[in-house]
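The values are calculated or read from the model by the stated rules, or taken from the named source; none is laboratory data. Being a predicted model, the structure only gives us computed values, none of them experimental. Backbone-built Cβ (ideal geometry, glycine too); neighbour counts: all protein chains shown.
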């Protein structure tokens with residue numbers, strides 16, 4: 001019989017020691033869990049967010065509505081902050097679409113463009129209206145792909161892909177500390 005198995009036998013034979021060990025483990029477990037919080041540090045006072053329509057500094061038609069609707073949908077789905085109007089909001093997310101650029105992505109063997117990446121850039125910010133401070137402010141760029149041979153509907157799908165990624169990134173930046 002090994003030294004460890006002898007010690008385990010002694011402990012198992014002693015009910016008081018077993019109860020003490022179980023109690024000690026429970027105390028350690030509970031004290032470790034007690035320090036965890038679901039609210040971000042300093043942001044527990046934020047319950048609602050306003051998301052006004054994004055501005056558009058590009059010549060793309062309908063992109064600001066798509067982005068605004070997707071950001072609202074992300075926050076509604078997540079439900080960490082309730083979306084409301086500006087008068088009743090604790091915080092606000094504002095932004096402006098600053099660029100939409102197409103760049104060749106992949107080429108075929110005969111050096112024709114197989115797909116194009118469309119990059120969408122948004123300048124966005126998240127502000128605490130109660131404490132009157134900016135929590136984050138950043139330029140976000142994401143991309144989607146489209147087939148140039150499939151026309152404008154394919155390009156629109158590429159823009160939609162990029163805008164979906166931006167909406168998700170805005171949500172993640174906002175609630176990541178929660």
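The table below gives the values:
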{"quantity": "Of all residues in the range 111-138 being surrounded by fewer than 12 Cβ atoms within 10 Å (Cβ to Cβ) and assigned to a strand (DSSP E or B), the one that is farthest from the chain's Cα centre (by Cα)", "calculated": "133"}
{"quantity": "Scope the range 60-110; condition part of a helix (DSSP H, G or I), more than 16 Å from the chain's Cα centre (by Cα) and either crowded, with 17+ Cβ neighbours inside 10 Å or modelled with pLDDT under 95 (or both); matching residues", "calculated": "63, 64, 66"}
{"quantity": "Subset of the range 144-159 that is surrounded by 18 or more Cβ atoms within 10 Å (Cβ to Cβ) and in contact with a helix residue (DSSP H, G or I) (Cβ under 7 Å, 6 or more places away or on another chain) - its residue that is nearest to residue 82 (Cα to Cα)", "calculated": "159"}
{"quantity": "Flag for residue 145 being farther than 26 Å from residue 48 by Cβ and assigned by TED's automatic domain parsing to the domain that holds residue 61", "calculated": "yes"}
